[in-house]
Amino acid sequence: MAKLAAAFGSSHSVMLVCQEEDWIGKFPPSDKRMTHHDFNGELISYDDLVTKFADHAAPLITPDAISKRWHKTQAAMDRQRDEIQGAQLDALIIVGDDQHELFPPQHNPAIAIYYGETIRNIAARTDLPADDWYHRAQQRRREDGQDVDYPVHAGLAKHLIEGLTQREFDITAISALTPGQAEGHAYSFIHRRYLKGYRLPIVPIFVNTYYEPNPVTPRRCIELGKEIGKLIASFPENIRVGFLGSGGLSHFVVDEKLDHDVIEALKRNDLDWLAALTPKRLQAGTSEIRNWLVVAGAVAETGMKITWSDYIPGYRTPALTGTGLGFVRWS
């Protein structure tokens, strides 16, 4: 029988594929154009955030402070890569969100699972202007020179689809991508940063965290994870399975308290606290915390504990916008 042998949580923010010089001073123009939410989930303007944080933002966004956080983040990603590749896995389930990469606004399933034999990541664009640093950074989640088809553990994926359907989860089943489609940033980041050169079969699970009217509630995410954990244990092949939650933590206004509270709840296996998270707080990129909750549900009954974690508050502007960059490993 299969075993859930290791689990992970990792941010996948564009900040993680940016260069150090991108972190230092390039984000304010783009962040000024974005929609922001305060720590209660209410809309707030960039200018109001600057005013709100005027008393203590300055030392957090000096070039030296930002540089130190960039280097710490690189080290954390290297550690996460080593944790994943050292876990001796036969398959890795990745739960992430789709941001109109596979699903257009007219069709947005709450939960979907891909079960094709392979999944494609497309080649990076090479025609972007040299000064378009942001979109050039995004392309680092794509492939060098040509498309790549990555292996999928189709048998495990079908087992999850069938088992979750029997357990009354409404699962959208995806057998293939259409021409021009790619796996999406929540998965391509993992392939490019953590699995590069390591042909580990994955199972892509998609959870709608971002978009109304059907984002999955925190409590339902945990219930989904619990059932996935049971189904892994019932899969007849003798394989070691990993489970990774891709995305988060807080963004695009960094909420250190929320991020630390989530990580501490994960450490003490406090599913009740996690299930009670208010969906209104989980908006924009912060919504991707839901993907970590799915993993938390799966590991709850295994006895696994968080054996390594790191957290970097990725402040990048006077408005203290950015991303709470989190990394954890259960074993």
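The values are calculated or read from the model by the stated rules, or taken from the named source; none is laboratory data. Everything numeric here is computed off the predicted structure, so don't read it as measured data. We place every Cβ from the backbone using ideal geometry, glycine too, and count neighbours over all the protein chains shown.
In segment 61-75 there is at least one residue matching the filter, namely being within 20 Å of the chain's Cα centre (by Cα), surrounded by 18 or more Cβ atoms within 10 Å (Cβ to Cβ), in contact (Cβ under 8 Å) with a residue 60 or more places away in the chain and more than 28 Å from residue 115 (Cβ to Cβ). In segment 96-118, how many are of a type outside the set (Asp, Glu) and more than 25 Å from residue 220 (Cβ to Cβ)? The total comes to 2. The residues on offer are 91, 112, and the sole one that is small (Gly, Ala, Ser), in contact (Cβ under 8 Å) with a residue 60 or more places away in the chain and out of contact with any helix residue (DSSP H, G or I) (no Cβ under 8 Å at 6 or more places or on another chain) is 112. When residue 168 is tested against (1) free of Cβ contacts under 8 Å to residues at least 24 places away in the same chain; (2) in contact with a strand residue (DSSP E or B) (Cβ under 7 Å, 6 or more places away or on another chain), only condition (2) is not met. Residue-level analysis places residue 323 among those that are touching a helix residue (DSSP H, G or I) at 6+ places or on another chain (Cβ under 6 Å) and part of a strand (DSSP E or B).
In segment 18-28, the count of residues that are small (Gly, Ala, Ser), surrounded by 15 or more Cβ atoms within 10 Å (Cβ to Cβ) and in a loop (DSSP other than H, G, I, E, B) is zero. Limited to segment 33-80, what total is found for residues that are touching a Lys or Arg at 6+ places or on another chain (Cβ under 6 Å) and of a type in the set (Ser, Thr, Tyr)? Matching residues across segment 33-80 total 1.
The C-beta contact set for segment 275-289 (first residue closer than 17 Å to residue 264 by Cα and surrounded by fewer than 19 Cβ atoms within 10 Å (Cβ to Cβ), second residue at pLDDT 95 or above and β-branched (Val, Ile, Thr), distance under 8 angstrom, 6+ apart or interchain) comprises 275/222.
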